[in-house]
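Here the structure comes first, spelled out in structure tokens, and everything after it is commentary.
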Amino acid sequence: MHSGCAILVIMKTTSRLLLLALVLLAVPAGASGPNKYIDQSASAFAALDFEGALGLLEKALARPGNNPGDLVRIYSLRGLCLLSLGRDSQARRAFRAALSIDPSFRLAPDLSPRFQEPFRKVLDQGVEQISLDIELPREVAVGQPLEGRARLLSDPERLARRLVLRFRRQDQRQYSSLRLQITAERPASIRFPTALLGGAAGQAVEWYAELQDGHGGRLLGKADAAHPLRVEIVEPQPVARA
């Protein structure tokens, strides 16, 4: 091989390896890593196979069990691929999706300005973080229904599809689940099973929640299994006699 051609091949290979390293370094806190399609898409991106990378990202997004870090990485890589294909408006939407999950996310600082500048414009415009409000009472009387409501306060890219509430009585080991449909336009009504409260005064209902996308990816959580929230179960108030 001619020495000039050999140098060019080495330079291209080095450039791609550097780009791959920068993409892989742009991993948000909380990324779990087991979703193989994310790393495969990063490799395809570094090899300049942008359409192939987008296809792998669709597979990554459809994989159940993504956590917020996984989802941020998927959407940010999608934005980089779309920018590389000249689809700037779609790229900005992908960046907004990533930032709505984690507003602290930033691209790796050494990525090219052709990626940094569109991302910075999205930052400058401001992106609301996905937020959720769950209304449940602090206590409930034995024999009374335990009811509440959940609503999305913000979901700018319409990513949320499902609210999963996991609950148990304090003396139970396993959590049960309620799965509720929820969108920005459609709050969710919550009603726990009546049997949960039978004869349990002095105990509590422990619960935590996950807001999920349409594939079961976790967008955000309220508490967790190790540190649940509580609704105290109390004796009913005596009825006053006339």
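Every number in this text was worked out from the coordinates using simple rules, so none of it is lab data. Just so we're clear, the structure is a prediction, and the values are computed from it rather than from any experiment. Positions of Cβ are backbone-derived with ideal geometry, glycine not excepted, and every protein chain shown enters the neighbour counts.
So the values come out like this:
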read-out	value
Volume in Å³ per residue [convex hull over Cα atoms, computed for the stretch 66-197]	132 Å³
Euclidean distance of C-alpha centroids, the stretch 35-73 and the stretch 146-173, integer Å	27 Å
Simple spin-label estimate for Leu48 and Gln116 in nanometres, 7 Å along Cα-Cβ	2.3 nm
³J(HN,Hα) computed for each position of the stretch 180-187 - Karplus, 6.51 cos²θ - 1.76 cosθ + 1.60, integer Hz, glycine/proline x	10, 6, 8, 9, 4, 8, 10, x
Length added when fully stretched, Arg149-Asp133, from 0.36 nm per residue minus Cα-Cα	4.9 nm
Cα→Cβ-extended label distance, 7 Å offset, between Glu232 and Gln125, nm	4.8 nm
Shape call, the stretch 195-235: gyration tensor on alpha carbons, a/c limit 1.5	prolate
Label-point gap, in nm, between Val164 and Leu85 - each point 7 angstrom along Cα→Cβ	3.0 nm
Rounded, prolate or oblate (a/c below 1.5 giving rounded, otherwise prolate when a/b exceeds b/c) for the stretch 131-234 by Cα gyration tensor	prolate
5 angstrom amide H check on Arg162, placed H, neighbours 5+ away	Ile182, Gln212
Ascending count of other beta-carbon atoms within 10 Å, so fewest first, for Ile74, Ile190	Ile190, Ile74
